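Here's the structure, in structure tokens; my notes come after.
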There are 2 protein chains.
Amino acid sequence: MKSSVGGLPIQGVRLGAVKAPVYRNKDRDDLLLMAFDEGSVGAAVTTTNQFCAAPVHVLRAHLASTPHVRFWLLNAGNANAGTGEAGMEACDQTVAELATNAGVAKDSIWPFSTGVIGEPLPVESICHALPRAIDALNGSVDHWERASRAVMTTDTHPKLRHIQCVIQGKTVTLTGMAKGSGMIHPNMATMFGLIASDVVMSAGCLQSILAGSVRHSFNCVTVDGDTSTNDACALVATQTAGHRLIDDPKSPDAQQFASALSDLCDDLAEMLARDGEGATKFVRVICEEAVSDSDAHTIANTVALSPLVKTALAASDPNWGRIVAAVGRAPVSEIAIERVNVWINDVQIVQNGGRHPQYTEEAGQAAMNPPEIDIRIAMGAGSGYCRVMTCDLTKEYVRINAEYRT
Amino acid sequence: MKSSVGGLPIQGVRLGAVKAPVYRNKDRDDLLLMAFDEGSVGAAVTTTNQFCAAPVHVLRAHLASTPHVRFWLLNAGNANAGTGEAGMEACDQTVAELATNAGVAKDSIWPFSTGVIGEPLPVESICHALPRAIDALNGSVDHWERASRAVMTTDTHPKLRHIQCVIQGKTVTLTGMAKGSGMIHPNMATMFGLIASDVVMSAGCLQSILAGSVRHSFNCVTVDGDTSTNDACALVATQTAGHRLIDDPKSPDAQQFASALSDLCDDLAEMLARDGEGATKFVRVICEEAVSDSDAHTIANTVALSPLVKTALAASDPNWGRIVAAVGRAPVSEIAIERVNVWINDVQIVQNGGRHPQYTEEAGQAAMNPPEIDIRIAMGAGSGYCRVMTCDLTKEYVRINAEYRT
């Protein structure tokens, strides 16, 4: 946790949030424009869902066409997913309208949408709001704050953080925001990660570093296992920090930036899990001593996703049998059950595959009570490691998702 | 649905249910003995969970040792899983005690346990109850009924059915019971399927036919994705129906029996999904036109497991975007989104990957209201087919699983 709450201005970045409206019956900002000065380059990691939304297709095409980026255009309230060819045209219309209004090339604009799936994007409302959003553009901290609220859907609070590092004697700043609360799962969560930095870096280097950071942060958070149609984590570098161009991801300068970005992404990802729909507990599932990092991820994920583990967490019930049952069904090749050890916070529950001889229900109960729980599973098989961030499953989750559209 | 409610006596089978007690603070039967006359042979399919319970290990070892089976010994209330070496010894003690009391070989006894994971099996209570269970042995329908109640955990009602077929002019009867309500998932559900028949059949043929029936029944039902440590589906053939021995699974006689067994297993599996913890709706997810049956199973399962689809079902909300989002994240190689069609009951929701042009929210709502929902997904890619049975996800599921041990 090395990043700090709130945003810092990034030279070359301006933000404008307005009410389009896209959200029905809500008096709030739901359209966000992020403008980047000429020379900015971008990187992005997008959902692996094959049923991905129109804006994801368009974003990918634009990124493939040029690394130069001038605008991110985001709306909350409508995902523009499951909308077929009409959805692609709707997305294209909003992008074309912005390109005309702002006098930039279409492929320098990246669209993002989040919200209800399957309903037509309200193109006219969005196009009508664009001039107001352009007029509102401003780089202040207040505008970052307002922007972080405009992209929320079922989030209970905005998620905005910043971090700094020093490269070649120059201070490099990163400000990032995220949105997401449910439909959260690796590859990717139903989330946006929107990060800007003044770092001077080539597009290829930026993409490589972003992919690395996403792997252990946004791709290691799960609320309900539902991979969204719309997820994206995007990073822009405005090239204004004043140091020499960084082009090699393996260079010390690049590593310095990567470290700051990783911390920022980890902290934003943690905020997503903490704000999981209906969540009352934040839970880290740590799998270590697995055959490989990949196995560790699979095992930790299986535990983190188990409805039975998650309901036990909600009830503060040390029903640890559910944890080992989830470990046992993880799709990894071979598990030496008799070498598995499990801790809940500092209390060892399982020793060599069975209940720890000194374990007492009272100690287990005490370990399950806090609002923050670490479940640590040591497989005794190798050095594979992964930490997955998640939350408990409560009646409130069911209520939120039953009532989402009404 | 060709099987009928309730049991029919099977010649050579007697049942004795008593209170051990294993269940804490409950005045109910929780120990069941099923006795089979000499000459009976058995078949079984067991959980794929690597953290499987002691009785599963013992059952497998005994089945590997001999196909002849004289007793099934079952308890509810304690899973004897996650109990390490002590759990194996506990299981062995109860089996040894029964072998001595009944004068049969140890490896002719198959143990089954279900209930809380990780707590020591109350061996003394069980051994103490065995003589009473032996005294109670009786083949009547009433005893089948009482037995079907003794194996329940969170089930809201017993699950007992029968079916008959005619082989070589002789009537062959199958009576089966199941238990299971949560921790239900393919390979296998947290369930027992316990089936007896008077069919005259070799053990190899019996095993082959059982495996086939389980594939599309018990292995196609899911409540919450949690594969249990204890699941087993077992079938005994008492060889008393009077026809000639069936030894070839491909013979018409074998197919006749297989068909009856399949119908019985399908109906029992459906009862499990209908009794899913907190369920208010029974849902069939049918995937057709997939590249393969295996892909169809993966896709149908992903939809059936999605918490977002399941909460929408609970709310009768035709939030069909969640269905296509789940299809899109199913781990199959390639999906032609533009060829996907989806129906909820008789209402076509999605046509060629987008909302059907004639679809109305009212029609979608009407389709989601009934307590029985078919979600049919046509992939337009081949002839692969699978039907998965599941239920909705309600606040009541969370309550049941939060309060399970208290």
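Overview of values
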read-out	value
Subset of region B:109-119 that is in a strand (DSSP E or B) and crowded, with 22+ Cβ neighbours inside 10 Å - its residue that is nearest to the other protein chains (Cβ to nearest Cβ)	B:115
Test set (1) open to solvent by 10 Å² or more (accessible area, probe 1.4 Å); (2) in contact with a His (Cβ under 9 Å, 6 or more places away or on another chain); (3) over 23 Å from residue B:329 (Cβ atoms) - residue A:40 fails condition number	(1)
Scope region B:82-108; condition within 14 Å of chain A (Cβ to nearest Cβ) and either aromatic (Phe, Trp, Tyr) or closer than 23 Å to residue B:195 by Cβ (or both); matching residues	B:91
Odd one out for residue A:268 among (1) away from chain B (no Cβ under 12 Å); (2) free of Cβ contacts under 8 Å to residues at least 60 places away in the same chain; (3) open to solvent by less than 40 Å² (accessible area, probe 1.4 Å)	(2)
Subset tally (residues that are touching a residue at least 12 places away in the same chain (Cβ under 8 Å), touching a strand residue (DSSP E or B) at 6+ places or on another chain (Cβ under 7 Å) and either more than 18 Å from residue A:15 (Cα to Cα) or not assigned by TED's automatic domain parsing to the domain that holds residue A:114 (or both)) for region A:69-86	7
Filter pass, residue A:73 being closer than 20 Å to residue A:230 by Cα and either among the small types (Gly, Ala, Ser) or more than 14 Å from chain B (Cβ to nearest Cβ) (or both)	yes
Residues satisfying the stated conditions in region A:226-269, i.e. in a loop (DSSP other than H, G, I, E, B) and closer than 22 Å to residue A:139 by Cβ	A:238, A:239, A:240, A:241, A:242, A:243
Candidate set from region A:291-313 (those that are open to solvent by 20 Å² or more (accessible area, probe 1.4 Å) and not aliphatic (A, V, I, L, M)); member that is modelled with the lowest pLDDT	A:307
Tally, over region A:276-313, of residues that are charged (D, E, K, R), more than 12 Å from chain B (Cβ to nearest Cβ) and part of a helix (DSSP H, G or I)	2
Any hit, region A:314-337, residues being open to solvent by 10 Å² or more (accessible area, probe 1.4 Å), closer than 19 Å to residue B:88 by Cα and more than 8 Å from every other protein chain (Cβ to nearest Cβ)	yes
Some residue of region A:394-403 being farther than 29 Å from residue B:86 by Cα, free of Cβ contacts under 8 Å to residues at least 24 places away in the same chain and not aliphatic (A, V, I, L, M)	yes
Tally, over region A:353-391, of residues that are facing chain B (nearest Cβ under 9 Å) and either among the charged types (D, E, K, R) or surrounded by fewer than 16 Cβ atoms within 10 Å (Cβ to Cβ) (or both)	1
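So that you can scan it fast, the table gives a plain yes or no per residue for (1) surrounded by fewer than 24 Cβ atoms within 10 Å (Cβ to Cβ); (2) within 18 Å of the chain's Cα centre (by Cα); (3) modelled with pLDDT of 95 or more:
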{"residue": "A:45", "(1), (2), (3)": "yes, yes, no"}
{"residue": "A:50", "(1), (2), (3)": "yes, no, no"}
{"residue": "A:96", "(1), (2), (3)": "yes, no, yes"}
{"residue": "A:124", "(1), (2), (3)": "yes, no, yes"}
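The values are calculated or read from the model by the stated rules, or taken from the named source; none is laboratory data. Note that the structure is a prediction, hence the values are computed from the model and not measured. Counting neighbours? That spans all protein chains shown, and the Cβs are built from the backbone with ideal geometry, glycine included. We work out accessible area using only protein heavy atoms, side chains counted, and drop any ligands, DNA or RNA first. Shrake-Rupley method; radii C 1.70, N 1.55, O 1.52, S 1.80 Å.
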